[in-house]
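The values are calculated or read from the model by the stated rules, or taken from the named source; none is laboratory data. Since this is a predicted model, take the numbers as computed values, not measurements. Positions of Cβ are backbone-derived with ideal geometry, glycine not excepted, and every protein chain shown enters the neighbour counts.
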Amino acid sequence: MNQSLRILIILLPIFILVFFTKILLVDEDLKLSSFEAKNFPAFELDDLNGRRVQSESLNGIKLLNVWASWCITCLVEHPFLTKLSKNNVEIIGLNYKDSKSKANSWLEKHGNPYLFSIYDPRGDLAFDLGVTGAPETYLLIDSKVVGHIQGEMNQQKWETIFMPLIQQAAQRK
Amino acid sequence: MKKQLFVAFFLVLSSAAFTQIVYEFENSVQEKRFYLLISEIRCPKCTSGSIASSDAPISRDLKNKVYELILDGSTDKEIKQYVSERFGAFSDYRPSLSGSNYILWFGPFIFLALILAIFFIRRRV
């Protein structure tokens with residue numbers, strides 16, 4: 001057996017091991033997603049107070065948080081969303097497959113971090129957005145959907161996924 | 001009488017098993033397309049599995065949508081396009097032959113060819 005083949009036999013498994021360890025250890029949730037920016041889907045829905053939602057209200061830099069009163073993880077991320085809204089981050093709620101009365105009493109009980117909540121009882125707008133469940137959070141910049149987080153929103157995800165996108169947008173302006 | 005009551009009891013209970021939505025089609029072609037499509041669309045909420053194999057709420061919504069679109073006369077391509085516009089290219093279990101997907105389809109063969117080439121060149125030397 002010649003020398004180079006022997007080296008190859010030793011190096012190849014090491015290379016494969018390192019390669020797969022690297023891939024497997026990446027935290028999927030925190031990976032900068034390959035999310036492709038898209039226009040916000042057209043919709044005709046009211047908010048939880050029965051007022052028709054105008055598409056202009058999605059302009060600027062806003063978060064769209066998908067939530068429901070039946071959703072347990074929504075309660076987990078609720079304090080963080082409240083903190084964001086206190087720091088002047090504008091958050092719009094998308095109330096997903098819920099009932100209006102339950103949703104409103106949930107907000108009364110736990111506090112309302114949202115500018116308003118779009119009421120989507122059948123999940124039509126959510127489907128067009130590609131929502132797979134609650135909670136999920138989208139980053140909207142001037143009515144374009146530019147970022148997406150599935151599951152609980154927290155400080156780490158906010159800093160690693162949404163902040164860079166917001167900074168990019170600010171630089172372009 | 002007792003026996004009949006016994007049978008009736010289980011018949012009533014078994015109705016719980018039939019609460020799932022039954023999809024009715026205009027013809028068998030539509031039906032075949034439906035079952036093929038739902039086996040080729042990935043459940044976005046699952047680690048790995050088609051919407052056919054999943055009963056997650058989002059999979060149910062997706063199946064209903066595929067059903068609706070088939071009855072509306074959309075083609076398979078249009079339906080997959082519709083789903084991937086919303087849930088990403090990730091949703092298609094049979095990646096299309098385009099763009100970066102070429103690596104996915106031909107990468108292993110190129111790799112194999114390379115290894116074989118190296119092997120034969122080495123032997124000749």
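Could you grab me the full set of residues in the stretch B:82-125 that are within 30 Å of residue B:69 (Cα to Cα) and among the aliphatic types (A, V, I, L, M)?
B:83, B:89, B:97, B:104
Every residue in the stretch A:107-147 that is closer than 14 Å to residue B:86 by Cα, without any contact (Cβ under 8 Å) to a residue 60 or more places away in the chain and in a helix (DSSP H, G or I), please.
Passing the criteria: only A:127.
What pairs come out if I take residues in the stretch B:72-93 that are more than 14 Å from residue B:40 (Cα to Cα) and pair them with residues that are in a helix (DSSP H, G or I) and among the aromatic types (Phe, Trp, Tyr) whose C-beta lies under 9 Å away, six or more apart or interchain?
Partner pairs satisfying both residue conditions: B:74/B:82; B:86/A:127.
Only one of these conditions is not met by residue B:93: (1) within 14 Å of chain A (Cβ to nearest Cβ); (2) modelled with pLDDT under 90. Which number is it?
So the condition that residue B:93 fails would be (1).
Here is a list of conditions, (1) assigned to a strand (DSSP E or B); (2) more than 20 Å from residue A:46 (Cα to Cα), and residue A:171 meets all of them except one; can you say which number that is?
(1)
For the stretch A:81-117, how many residues are under 16 Å from the mean Cα position of the chain (by Cα) and away from every other protein chain (no Cβ under 14 Å)?
14
Is one or more of the residues making up the stretch A:41-49 more than 17 Å from residue A:124 (Cα to Cα) and either at pLDDT below 95 or assigned to a loop (DSSP other than H, G, I, E, B) (or both)?
Scanning the stretch A:41-49, I find at least one residue that is more than 17 Å from residue A:124 (Cα to Cα) and either at pLDDT below 95 or assigned to a loop (DSSP other than H, G, I, E, B) (or both), so the answer is yes.
Conditions: (1) away from chain B (no Cβ under 14 Å); (2) at pLDDT 90 or above; (3) assigned to a helix (DSSP H, G or I). Residue A:16 meets all but one. Number of the miss?
It fails just one condition, (1).
Go through the stretch A:110-153 and give me each residue that's hydroxyl-bearing (Ser, Thr, Tyr) and buried (at least 17 other Cβ atoms within 10 Å of the Cβ).
A:114, A:117, A:119, A:132, A:137, A:138
Identify all residues within the stretch B:33-78 that are away from every other protein chain (no Cβ under 14 Å), of a type in the set (Gly, Ala, Ser) and touching a helix residue (DSSP H, G or I) at 6+ places or on another chain (Cβ under 6 Å); write none if there are none.
Result: B:39, B:50, B:52.
Is there a residue being away from every other protein chain (no Cβ under 13 Å) and not polar (S, T, N, Q) anywhere in the stretch B:83-90?
no
Could you please find all residues in the stretch A:127-147 being facing chain B (nearest Cβ under 9 Å) and touching an Asp or Glu at 6+ places or on another chain (Cβ under 7 Å)?
Passing the criteria: only A:127.
Which ones in the stretch B:63-111 are among the acidic types (Asp, Glu) and more than 14 Å from the chain's Cα centre (by Cα)?
B:68, B:72, B:78, B:85
Would you tally the residues in the stretch B:27-51 being buried (at least 20 other Cβ atoms within 10 Å of the Cβ) and farther than 19 Å from residue A:130 by Cα?
Residues that pass the stated criteria total 1.
Kindly evaluate residue B:50 against the criterion of being assigned by TED's automatic domain parsing to the domain that holds residue B:89, over 25 Å from residue A:70 (Cα atoms) and modelled with pLDDT under 95.
yes
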